[in-house]
Structure formats: structure tokens, C-alpha cells
1. Can you put B:ARG445, B:ARG10 in order of Cβ neighbours within 10 angstrom, beginning with the fewest?
2. Which of B:GLY606, A:LEU98, B:TRP238 sits closest to the plus end of the dipole of the protein assembly as shown, meaning its Cα is farthest towards the positive end, when Lys and Arg get +1 and Asp and Glu get -1 on the C-beta?
3. With a Förster radius of 22 Å, plug the Cβ-Cβ distance of A:ASP82 and B:ALA15 into 1/(1 + (r/R0)^6) and report the FRET value to the nearest 0.05.
4. With an 8 Å cut-off on Cα pairs and a minimum separation of 6 or more residues, tell me the relative contact order of the stretch A:67-154 in percent.
5. What is the order of A:THR2, A:THR104, fewest Cβ neighbours within 10 Å to most?
6. Across 10 Å bins from 0, what is the distribution of all Cα-Cα pair distances for the stretch A:45-116, in whole percents?
7. Evaluate chain A: find the radius of gyration of its Cα atoms, find its Kirkwood radius, and give the ratio Rg to Rh.
8. Order by neighbour count: B:HIS732, B:HIS157, B:HIS528, fewest other Cβ atoms within 10 Å first, most last.
Amino acid sequence: MTDRLINFTLNGEAVSATVKPYHNLIDLLSQFDLRGARESCGQGLCGCCTVIMDGEAVSGCLSFAVRADGKSLSTIEYLEQDGELSAIQKAFIDTGALQCGFCTSGFILMTKELLKRNPNPTDEEIRDYLSGNLCRCGTYPEVIEAVKAAARSQ
Amino acid sequence: MNQVGRSIPRVEARAKVTGRAEYIHHFTLPHMLYGKVLRSTVAHGRIKTIDTAAAKAHSGVHSVVTASDIMKIVPHPYYGPAFHDQPILAVDKVFHVGQAVAVVLAEDPHVADAAVQLIEVEYEELPAVFDEVEAAKNEIVVHDELKPAGTFTDLKHLVGRKNTNIALDFQLKRGDPDGAFAAANRVFEHTFRFPTQLAVSFEPFVTVGEPRADGLTLHTASQMPSFVRLEIARLLGWPENKVRIRVPLLGGGFGAKTYIKLEALVAVLALIAKRPVKIAATMEEQFYIINNHPATFRIKSAVSDSGRVIARECEVWWNGGAFADIGPRVSQKSGFTASGPYDIEHVKIDSYEIYTNLPPTGAVRGFGIPQLVWAYESHTDIIARDMGIDPVEFRRMNILREGRPHATGTDMRDAAIDKVLDTIADEMNWKIPLARGEGKTRRGRGIGIGIKASISPTASVAIVNISADGSITLSMSTVDMGQGSDTIMSQAAADVLDVDPGVVKIVHPDTDVTPFDVGTLGSRSTFHMGHAVRLAAIDAKKKLEALAEEAGLPKGTNYPPSEIFKKRYGMQAGNVIGTATYMPTYVPPDKETGMSSDVTPNWMIGGAGVDLEVDTETGHIRIHKLINVVDCGTPINPEIVRTQISGAAIMGLGSALSEDVHTDGGQITNASLADYKIMGIHDIPAMKNIAVDAVQKNGPFGAKGVGESAIFAVAPAIANAIDDAIGVRLTHLPITPEAVLRALRIKENRPIEDDE
């Protein structure tokens, strides 16, 4: 199958990559050694593969890499700036809102999207917005606390 | 300053919130091949032919591997911790749907995925058996002969047994149960079923094999690096030190990543290809690799008129699937607690591990305890309600108190069953009567309580290395899969050495440098490895004091370590290495009676209280409050303990309310997160999570394990609350709205009729 060259913005930087037609965004990101978005269920149900594409959260496992052409991608790795964690990341640490950590990137990115749209969400609004993210360790109560702590600190 | 008892954040938290935590899921090596497994489509059958020609011809395929290739490297390719019954790839026969039959290797995983579908296998189907009670009749036999591994002495008597599906029969007999039942006024008997469920780690099974000049390295998502090493070495006929097992963090494990999963296959593939090989299971494949034991439990109790349980008979059939894995341990080590946390004079337990043609089952959070607690706490509640005794009072009359002998004969020590029970009752305001309601919504409450023995006897070894600048490295083979072991072990070492835990660096399991540990399972690490780390740190401290003396420093003075090294060696040089091995005492159960005076070094206690409402028109339940209480001794990190309690209880909710692997002729029909429903953020009720004030006196810093305790009793507490609300008793999990509604309609004498 034909390889294709795509150009896109990755965490603020203009980049290009050669991809196969069947590659998804996770395959693409692995070319850049960005591993925070991870394919788990492979069906867009768990949220472990969350990537932000042109300001919208997408499931990296269900999005073909070629779709990134001309677009802007951001991943969990861009939240830390110059060695300084973002308020959301700090809140997740302070509230103990992670266990195995496999789903954590997705929860943090979705929290960022939520707070961008709704700076002071209620518990129910948090649950609704994060309902596309699953955590098998069952860290949901701590995640809700983390979102509220992050909202307070912003 | 005490470092133990503080809620410091997890040491790996920063790596996890920045997406940079290391999992084998991401791991790649130059020149690496990806393997894709062809899995059996039949539950039991003879392989007539395997045609790999089309797959081999597919562009980009490196090779196609079947059992005959495997046997050139490993002539007898069978593995397993309890029985050597599981072939690396199917040899002549298949025993369950999903069994690995062949592998395609390619540089591009997508190519391997496409090519694997070109392999044609022709099977001669054989009769299959799926139900554990049915299989116990031995009318259809799964394996021709039993092949115990020899690792466990209590399995030796099974060598060469034929025409049986019973892989292990454990018996316990205390007192005179037959006589007690014959003389009893009140006898209760019920049968309960626990379905197939699974761990569903979000990082599916994954292993990378790397052939090296000096042997073989496996980079693997395993809870058991030490066992993997010795089993791979045994298969290859190599010394252990030629096999290196490296495990960074795990994206969940929950017991599923114990023993051998993909490791044996990947090891041999890497040796055949002479190149690094990676196999990463998909979420769907996880459903065919290892599941939790479905179980049928028949339980019978004789009760005095005053409400004392005098005798209890337990018969448990554990559905082990096609390969034993650790099942025979589950059915014995958990089986002996089948009579529950109760002080009963006459007890009889029969616990059978049974082969069937389902995918293999093994350890999943609780190691068999949730199956037992589901039955005995439902049964106990039915008795109490039937006799008109308050369920909390009934338990108070019957629970095992400190110093009393458990059914095995081992005395209860530091087992705060009473405290856990009282705390649940207090938190539920149990003394205040509950208004059940009269409309279509009815309210009820229920409790449950369970106990678990530590899997014994098992060893842990730790190494504490103090460098010349005073920085500390802790090497151990405990695997942090999210439970927080790296954090609490750094606290344990720091506490002894009187430093900040941040000074302690953890070396993740790497069998070339980290010492032996039986494994990270059964909530054993805090107790066993906690001891080893504490003792290794004490050893290092003593050696540092000796070094100070050699350096001519006056005794008892408080020089910083870096000064001691500098003084002794004239520069920043040297190490102090402290080491320790911990293994508790143990007396194996008597072969005839199953009795032992020392069957476990500690008891883990977990209980739940549920306050809920039932919609009598739809069968839906809504939990108002879930109280989770455990005795884990003294928590080393209280916040991590609270999260463990909460997380286990949430997994328990899924187990109770929705998780159910559906099979049809051995085929799994819901092998995905779309159809196998785990708890999401909307499913979590108001919860309170409590570790009672307790001390495990023989534990490190007064602590014992906690990872499983809060899962034990969630399901029976829910079933008991439903009975309390609407007078309907559920005996099968999961408790779906449909199950509740069907049971309610049967009670109302208007059963739901199914369309034909």
C-alpha cells in the first residue's frame, strides 16, 4: 500500500511524517516517541488514546493518521512546559487521581478540554464530560476531586 | 521523622501525569518482529491440518511458526505453575476457543495481522464440556492424563491420574459434621453461582523477547518476574541466569499477569527468529488468555434455635478452564476459607478444581475469595432473615473472635472481624430502622464480610544499596501495577534509614539485578516484601555503622553517610549493601483433614454495607451508599490504602452488577469493552472507605495487605439489600436489572415469559 507524506503541527511544532493508509494516530505519534496516548480497547470506548486534533478530542485508535494532514495535534506531552507541570497535572498528583496510570493521559486531556469550556463544573458536569474515559483501577472519585482542585487553582 | 504512616504522593506520579511512564506496551527494539497469534475456533478438537502457505507467501511476512517449530527448541513445550499442561502452541489438539495455534511474524504488525487470517486449520471436533458441575462427572474428559508440575508437594498424588477432569480435590474436615447435621433442628442449604469475569487490564498482555549473546531477555508486563525466569529456564534447559526478565510499570494486572502468559511463546519465537519479537495482545484476545474462575458453591448449615451455626458443609466446584494455570492453588488456598469468618464447630469442605473446555482461569483480584464470600454471605443472610434475627446480630453471635480457631485449626490473630463488622453497622446507622417505602420504589440495606488467608509460604528478598553520597537504591522484584508498592516500599526503607523517601530510588524488576520474589499477587507484597525491605534497610544501617567504626569514627556519633564513606575510603567511593530474605512460618494442611496449626501468617478482612433502592417496575437498583471497611493492620500510606479500598470496591461493583463473559459453545460472544460492561464514572455511588484502627503485630510496621479486601463482600451486600427491600433472593451474579425483575415477577407469581 502506498505511503503518504503528511504535514501537520504537533504540540506547536511544524512536522512531517510518512504514514501508511492503515496507520492510526497512535502509530503516527509513536514515530515521534510520544507514548502518552495509548491504544487499549481499540474501539474508542476507553479514552486511553485521547488526542486533541484542531481543538477537539478524538480517539487516536479510531482516527487514521492521514487525517492529521494539515491539522494541529496536541498530546499529553505538551502540558508540561519548561519542566513545569500544568495546574491539572499537579491536581491529579495532589489528589492521588491515578493508579496504574495507563488511562491518566486521557483523563487529564479531557479535563483540560472540560475546563476550557466550563471553568467551574459541577460533579455531574464532570461525570458527563469524562464519561468517555474508563479507569479499570476505579480511580473515578479521586479524578472528580482532581478536576475540582484544578478548577479552583486556575 | 516517621516516614511510615504518611500519605506521600506516589513516587511515579510525575511520570504518569506527563505520559512518560514506562510500560512494555510502548517498548520496541531495532530489527524487531511483531507476532500475531492464530487462535483456535473450536472448543475441543484434533488438528488435522494447518496450511500456512498463503500466510507465508503474503508480502512482508517473515515466517509462520507452529508447534513443530517450537518443539525443535523445546521438545516438551508444556508450561504452568501447578501443572505442566499448557502447550506453547497447540500440539495435535486444541482444548478451548482462543488457544494459540500458530504465529505469523512480520516487521509490520498490520502485515502480521492480515497474514494470520490466511492460515487454514482443519479440525476434527471432539465433544466439549463447559459447566464445572457437569465436567466433574467425567463423562467428557478434557485431558487424557493429569500432569502436576512437581512444584507443589500437595499435588504429587495426582501424577498420572486418568479419565478425570478434577485437577485438585481439597478436603477439610473438622469435628463431626455428619453427626451435627443429623442432630440439628434447623438446616439450610443453598447453591450459588459466580460467572466468568476477567481482569481487563488496560495494558493488555505484552512481551518482547530479545535474544542476546549471553542468553535471552524478556521485557514483559508480568506480575511475576522471578517465576517467569525460572519457568523459561526450565523450558529451555538453561541455568536461570541466562534468562533475564525485565518489568517496568504495568498498566494494571489484577492477578491476570501472574505466572506465564505470552512469555514462553515469545521467548521461543525470539530464539527461532534470532531477532527481537514482540507480541501485544488486543483487548479481545485478553478474554481468551486468562479469566476469573466461574464457580458453583453448594453450602449447607445446621443452626441452633438460638442462632448459632453448629455445622457447615461446603462443596465448591471451580471452573478451571482448559489449562490449570494457578487454579489448583485458588481452589485450595482460598478453598479452605469456604466456611467464612465464622466460629463453627463442625465443618466439612470439598473444593474441586475442574478442567473444562473454556479458556483457562486463574487469579483475579481476590484469588477466589469473592466467589466464596458471594455464597457464604448470601447464605448467612438468608439464615438470619429466616430465623427472624437481625443480620448484624446474627453475625455478631457467630463470627470468629480473637484467639479462636479457624476451621483449619489456625488461631485467629490480629483479625479485626468484629471491628470491621461494628464499623459497617455504625456507618450504616444500623440501629435505626429503615423505612422500606410503599410505592414502586423500595429501599433496603445489607452487609457482608469476608476473610482471606495469605498465600503461604512465600519468600521475598530485597537489597538496599547506600552509595557514597548517601543516596539509596532499593532493588526488589515487586511489580508496581498501580497499587503503589514503589511508594510504600520507599517509605519503609526511608523510615529505617531516617531519610526522606524521595532519596530512595527504586530499581524495577530486572532479574539480572533485582533479587527473588515469589510474585506480586494475593495482597502479599506489603507484608512479605515490606518485611524484606525493612530488614534489608536494617542490615544496611548496621553495615554503615561498622564502616564508621572501621573509619575510626567514635561510636554512636551521627555522621552523615557521605562523611563515613569519605573518611573510610579517602574519597567519594564504596557502597554499603544491605540484604534480607523474608519467609513466614507455615504448617501445610494435613492431607486427610485439611487442618493446620499455622496456615497463614495473617488474615485480611473486608466487609461492605449497602443502602439501596429497587425500582420494582424495571428491576433497576440505585445504591444510595456503599460503605467499605477493611482490616489491613496499620496503613503505611493511608491515602494509597484508601484508594485501594475504593478501587477494589468499584471493581466489586462491576463484578456484582454487570460483568459477565457470555459463551456459546465455548465461543465468547462479548469479548470487547462494548459488550462486557465495566464500571464507568456514572456508575459510582456515594462511598465511604475505611481501614479500621488495627495493628498486625507480626507485620512490617504493623501492616498487612489491602489490594483485594474491599472487593470481597460488595456483591453479597447488594444481594442482601435487595432481599431486604423486596424479599427477593438472587443466587447468580451479575445482578442485572433483568435478573432482579425476573426474580421479582416469579415471586409475584407472574413470571416474565420469553419469546420462543
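Readers should treat all values here as calculations from the given coordinates under stated rules, not as data from a laboratory. All values reported here derive from a predicted model rather than from experimental measurement. We place every Cβ from the backbone using ideal geometry, glycine too, and count neighbours over all the protein chains shown.
1. Details: B:ARG445 22, B:ARG10 26.
Fewest to most other Cβ atoms nearby, the residues stand as B:ARG445, B:ARG10.
2. Positive-end residue among those listed: B:TRP238.
3. On the way: r = 18 Å, r/R0 = 0.80.
Plugging the Cβ-Cβ distance into 1/(1 + (r/R0)^6) gives 0.80.
4. Working: 74 pairs, mean separation 35.3, N = 88.
In percent, rounded to a whole number, it is 40.
5. So the residues, fewest neighbours to most, are A:THR2, A:THR104.
6. P(r) over the stretch A:45-116, rounded to whole percents: 18, 51, 27, 4.
7. 0.98
8. Values: B:HIS732 17, B:HIS157 13, B:HIS528 32.
So the ranking, lowest neighbour count to highest, is B:HIS157, B:HIS732, B:HIS528.
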